[in-house]
Protein chains: 2
Amino acid sequence: MELPPLIQAFVLHFGEMGSRWGINRTVGQIYALLYAADRPLNAEEITQRLGVSRSNVSMGLRELDTWRLVKLRHLPDDRRDYFTALEDPWAIVRTLAEERRKREVDPTLSVLRDLLMQQPASEEEIHAQERLRALTNTIELLTTWADEVQRLPDERLIQLLKLGSGVVKLLDAKDRLTVVLGGKPRQPRTALPRTALPRASLPHATSKE
Amino acid sequence: MELPPLIQAFVLHFGEMGSRWGINRTVGQIYALLYAADRPLNAEEITQRLGVSRSNVSMGLRELDTWRLVKLRHLPDDRRDYFTALEDPWAIVRTLAEERRKREVDPTLSVLRDLLMQQPASEEEIHAQERLRALTNTIELLTTWADEVQRLPDERLIQLLKLGSGVVKLLDAKDRLTVVLGGKPRQPRTALPRTALPRASLPHATSKE
DNA sequence: CAGTTATTTCAGAAATGTCTGAAATACAAG
DNA sequence: CTTGTATTTCAGACATTTCTGAAATAACTG
């Protein structure tokens, strides 16, 4: 592997982390290389820099493509394929979130829903189904939320992230206002737990004020 | 494997998903079995029900323990170890989030910070470092947010999730109020992008109103 | 169409990960 | 200390995944 030390360290690390992220070493290395690169690279260049076989690079690029993490481009007067990494970090985050959900969550949700439709045949299965139902509800709440957040434009998403847990203050403020100003009663669409009613100010929610 | 069909389907699915989740088949199966079970199980029972070797179960339980997903308990007059799954779905979500972060994100963040400290030795490295900086900032924003959200009590977390992207309306409402009522000027702690100022009402942000 | 270059496919080699059975360890009870 | 039971360790068998080189395919060029 013939790379400037800084880039090499980055590439090697991504290769090693690859296995924890469900991609293999070469795929991780290719992505890191493209991400750090200051120009599009073709397969042959990647092969040389990483010191792996040409066919391995071909397969790796195809996998990155199914993850929608690389873009294929062409340079004038050159019929080789050139690749760039999806470069905007927020685009990467969104893509990773979508793809991981598709691969890691959706199949499970589908199986769970299926099992919840079945008629339990024993006490044991009744209990199991209850547990499955609790799990399903939680996953559904999370994925619905993730869906909605995915649709926010970048600025909004960043704004929310920066606010952090500060959002709960806003929620409290809103509930108080609704009461003080005699606003329209809340639609119980998001049925609040009793502890979140007007003046109940929870200890933890106000700890930073 | 001798299990009621519904439970068996659940267990088999978790086993298969295991590889995508960075755990192996047996570990996934053991967790699923414990999660669906209506009582604590000992290693021998798990062995029998899953039809895998006793030693495999021992290793699997140890791994689940390092993930903090199972609890060890003892029954009176029985010196065998009994296990239960972490059963509250929100506790599971929190634990998974923490553990995955520890394994999948923190090491990368540490390497990135390290590489950002280094003196770049070429134009190429200067560019690479800029890319690394962008990535680092994004990951840091995400993990800081995740940290804060982790500290919220369950009800608050659920409340937020149910609100979904509705939070942005609250943000807008707050900004408007600050102006209308002449409230104290915002601390620029979360420096908003210009587009989020008082009446700029972005098209996408108000699309549902 | 033949020649050239780029990419993909794929069988098997190499590497890695998982699982088992046997042996080792741990520990309570007699 | 010995016996009996529970659990862990670990070397090697087995299984899966990754990677390579060679061959096939594709696509352009004259």
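The values are calculated or read from the model by the stated rules, or taken from the named source; none is laboratory data. Computed from a predicted model, the values in this text were never measured in an experiment. Glycine also receives a Cβ, built like all others from the backbone with ideal geometry; neighbour counts cover every protein chain displayed.
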Subset of segment B:49-62 that is under 26 Å from residue A:133 (Cα atoms) and more than 14 Å from every other protein chain (Cβ to nearest Cβ) - its residue that is nearest to DNA strand C (Cβ to nearest atom): B:60
Criterion violated by residue B:86 - all others in (1) within 16 Å of DNA strand D (Cβ to nearest atom); (2) buried (at least 16 other Cβ atoms within 10 Å of the Cβ) satisfied: (1)
Residue that is more than 30 Å from residue A:63 (Cβ to Cβ) and among the acidic types (Asp, Glu), where the choices are A:104, A:130, A:98, A:87: A:130
When residues of segment A:40-69 are limited to those that are under 22 Å from the mean Cα position of the chain (by Cα) and free of Cβ contacts under 8 Å to residues at least 40 places away in the same chain, the one surrounded by the fewest Cβ atoms within 10 Å (Cβ to Cβ): A:66
Out of A:43, A:128, sole residue that is more than 30 Å from residue B:34 (Cβ to Cβ) and small (Gly, Ala, Ser): A:43
Among residues of segment B:1-33, those that are of a type in the set (Ser, Thr, Tyr) and more than 10 Å from DNA strand C (Cβ to nearest atom), counted: 1
Residue list for segment A:114-129, restricted to those being at the interface with chain B (Cβ under 7 Å from one of its Cβ atoms) and without any contact (Cβ under 8 Å) to a residue 12 or more places away in the chain: A:118, A:120, A:121, A:122, A:124, A:125, A:127, A:128
Enumeration of residues in segment A:1-14 that are within 19 Å of residue B:116 (Cα to Cα), more than 7 Å from chain B (Cβ to nearest Cβ) and not aromatic (Phe, Trp, Tyr): A:3, A:5, A:8, A:11, A:12
Residue within segment B:63-85 that is facing chain A (nearest Cβ under 10 Å), at positive phi and not hydrophobic (A, V, I, L, M, F, W, C) present: no
Residue within segment A:129-141 that is on the phi > 0 side of the Ramachandran plot and either in the same structural domain as residue A:42 (by TED's automatic domain parsing) or of a type in the set (D, E, K, R) (or both) present: no
Selection from segment A:18-39 of residues that are modelled with pLDDT of 95 or more and surrounded by 19 or more Cβ atoms within 10 Å (Cβ to Cβ): A:26, A:27, A:28, A:29, A:30, A:31, A:32, A:33, A:34, A:35, A:36, A:37
Test set (1) more than 19 Å from residue B:37 (Cα to Cα); (2) surrounded by 13 or more Cβ atoms within 10 Å (Cβ to Cβ); (3) among the aliphatic types (A, V, I, L, M) - residue A:72 fails condition number: (2)
All positions within segment A:1-30 that are away from DNA strand D (no atom under 12 Å from the Cβ) and touching a residue at least 24 places away in the same chain (Cβ under 8 Å): A:2, A:3, A:7, A:10, A:11
Test: residue in segment A:123-133 that is within 16 Å of DNA strand D (Cβ to nearest atom), modelled with pLDDT of 95 or more and crowded, with 16+ Cβ neighbours inside 10 Å: no
Qualifying residue in segment B:34-44 (condition: within 14 Å of another protein chain (Cβ to nearest Cβ), within 13 Å of DNA strand C (Cβ to nearest atom), part of a helix (DSSP H, G or I) and within 25 Å of residue B:102 (Cβ to Cβ)): no
Verdict on residue B:79 being exposed (fewer than 14 other Cβ atoms within 10 Å of the Cβ) and away from DNA strand C (no atom under 15 Å from the Cβ): no
Some residue of segment A:16-25 being assigned to a helix (DSSP H, G or I), among the small types (Gly, Ala, Ser), within 11 Å of chain B (Cβ to nearest Cβ) and more than 29 Å from residue B:121 (Cα to Cα): yes
Selection count, segment B:130-168, where residues are within 13 Å of residue A:7 (Cα to Cα) and either facing chain A (nearest Cβ under 7 Å) or of a type in the set (Gly, Ala, Ser) (or both): 2
